[in-house]
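Enquirer: This is the structure, below, for whatever I ask next.
No lab work stands behind these numbers, since they all come straight from the coordinates. Quick caveat, the model's predicted, so the values are computed rather than measured. Neighbour counts are summed over all protein chains in view; Cβ atoms, including those assigned to glycine, are modelled from backbone coordinates with ideal geometry.
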């Protein structure tokens, strides 16, 4: 994960990037209403919005396909009612999709038995939601150890593991406190620790920080970045806050009316919106936070002298003050240290002033 650092491969679809897929869904639908499955079958799995409305059904998720790579932070965002929370519940099968496939580690979860799903959720999935749902009669230690007790782990082992993750999230010394004695941010840390106690293979976070005050929210985002740098979990994160998304995401999927209308890195979403809706959705995003040196570089001048060298993935916001003050261009280098272009002050000033054209 990153904050003003590389945002991952520049690919609109994981199928074009050489990464291992941890979770995928294919043509997932979630329709609410009587006869939803037979309705989809009658329409070949591809009904129009008008046909859905005429049948008296509600389409929460419409024909969604996506892939999440191992260790990737994949953010799903959209306005309220766009279907993002329903989709994440379909991915974890907390909600049963009407149609489609949900592939986790090569296996279709829609074909798993209830018993198999319970085992997968207990041992391989971690979940954190907007409401902390801590057990008020249990201490911090008890809350964090609770999922391990459900697994049947003996008391000594589960408390030892609980203490490990409590320290990991910065709550060492608060093990005996009850939820009512904690701040909102501390309660959310307990929720995070509880979800990590089982060492999940994939981590679902549904607007986990939206109920927090802005300063605490920023602190929790930093905490998530720190944890991800240590743990390298595969994360599916739901938010409606674009600033939060560009700070945390490797890739972003934007939803509207149950459908995913664009998937890409934060830079791609902001600089190359696929639709007018995406362009409007990202209109207020400070471009310097997402535009990379690679996107603004010019061809390297033969024998050019440069003030400093910067990675191609560096964000303009992170280097703007230095380049504006410099009397020479910056060299832009690839992962091997080779100069692949140069970054000039006027190009950076155009971005800062909002003069760079939008696609």
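Enquirer: Any chance you could run the full-extension gain for residue 32 through residue 346? It's 0.36 nm times the residue separation minus the Cα-Cα distance, nm to one decimal.
Expert: Details: separation 314, 0.36 × 314 = 113.04 nm, distance 5.35 nm.
Difference between extended and current length: 107.7 nm.
Enquirer: Assuming R0 = 22 Å, can you tell me the calculated FRET efficiency for the pair residue 320 and residue 284, based on Cβ-Cβ distance, to the nearest 0.05?
Expert: Taking R0 as 22 Å, the efficiency between residue 320 and residue 284 is 0.75.
Enquirer: Please give the contour-minus-distance gain from residue 336 to residue 164: 0.36 nm per residue of separation, less the Cα-Cα distance, rounded to one decimal in nm. Each step should come with its number before you reach the end.
Expert: Values: separation 172, 0.36 × 172 = 61.92 nm, distance 3.74 nm.
This chain segment gains 58.2 nm when fully extended.
Enquirer: If you rank 32, 306 by fewest surrounding Cβ atoms within 10 Å, what's the result?
Expert: On the way: 32 12, 306 18.
Exposure proxy ranking, most exposed first: 32, 306.
Enquirer: Any chance you could give the angle, 0 to 90 degrees and rounded to 10, that helix 155-168 forms with the longest Cα principal axis of the chain?
Expert: Between the helix axis and the principal axis of the chain, the angle is about 20 degrees.
Enquirer: Could you check the spin-label model distance between residue 230 and residue 177? Points 7 Å from the Cα along Cα→Cβ, value in nm.
Expert: Modelled inter-label distance: 1.7 nm.
Enquirer: Mind running the shape call on the chain? Use the C-alpha gyration tensor, a ≥ b ≥ c as the square roots of the eigenvalues: rounded below 1.5 for a/c, prolate if a/b tops b/c, oblate otherwise.
Expert: Numbers: a/c = 2.10, a/b = 1.28, b/c = 1.64.
Judged from the Cα gyration tensor, the chain comes out oblate (a/c at least 1.5, b/c at or above a/b).
Enquirer: Under a plain spin-label model, where a point goes 7 Å from the Cα along Cα-to-Cβ, how far apart in nm are residue 20 and residue 80?
Expert: In this crude label model, residue 20 to residue 80 measures out at 4.1 nm.
Enquirer: Let me ask something else. In whole Å, what is the distance between the alpha-carbon centres of region 50-113 and region 236-270?
Expert: The two parts, judged by their Cα centres, are 15 Å apart.
Enquirer: Using Cα atoms only, what is the angle between the long axis of helix 214-231 and the major principal axis of the chain, expressed in degrees (0 to 90) to the nearest 10?
Expert: 90 degrees
Enquirer: In what sequence do 316, 52 fall when counting other Cβ within 10 Å, fewest first?
Expert: 52, 316
Enquirer: Continuing with this model, one more query. Hey, fewest Cβ within 10 Å first, where do 114, 350, 213 land in order?
Expert: On the way: 114 8, 350 15, 213 12.
Least crowded to most crowded, the residues run 114, 213, 350.
Enquirer: How would you classify region 288-352 from its alpha-carbon gyration tensor, with a ≥ b ≥ c the square roots of the eigenvalues: rounded for a/c under 1.5, else prolate if a/b is greater than b/c, otherwise oblate?
Expert: Working: a/c = 1.74, a/b = 1.24, b/c = 1.41.
Cα axes put region 288-352 in the oblate bin.
Enquirer: Once both axes come from the Cα atoms, what is the angle between helix 184-196 and the longest principal axis of the chain, in degrees from 0 to 90, rounded to 10?
Expert: Roughly 70 degrees between the two axes.
Enquirer: For residue 105 and residue 277 in one chain, what is 0.36 nm times their gap in residues minus the Cα-Cα distance, to one decimal in nm?
Expert: Answer, rounded to one decimal: 58.6 nm.
Enquirer: How far apart, in nm, are two points set 7 Å out from the Cα along the Cα-to-Cβ line at residue 218 and at residue 307?
Expert: 2.6 nm
Enquirer: For region 288-352, give the share of DSSP beta bridges that are antiparallel, in percent and rounded to the nearest 5; count only bridges with both residues there. Could you put the intermediate results ahead of the total?
Expert: Numbers: 6 of 9 bridges.
So the antiparallel bridges in region 288-352 amount to around 65 percent.
Enquirer: Moving on. Rounded to the nearest 5, what % of DSSP beta bridges with both residues in the chain are antiparallel? Write down the numbers at each step before the final one.
Expert: Working: 26 of 48 bridges.
So the antiparallel bridges in the chain amount to around 55 percent.
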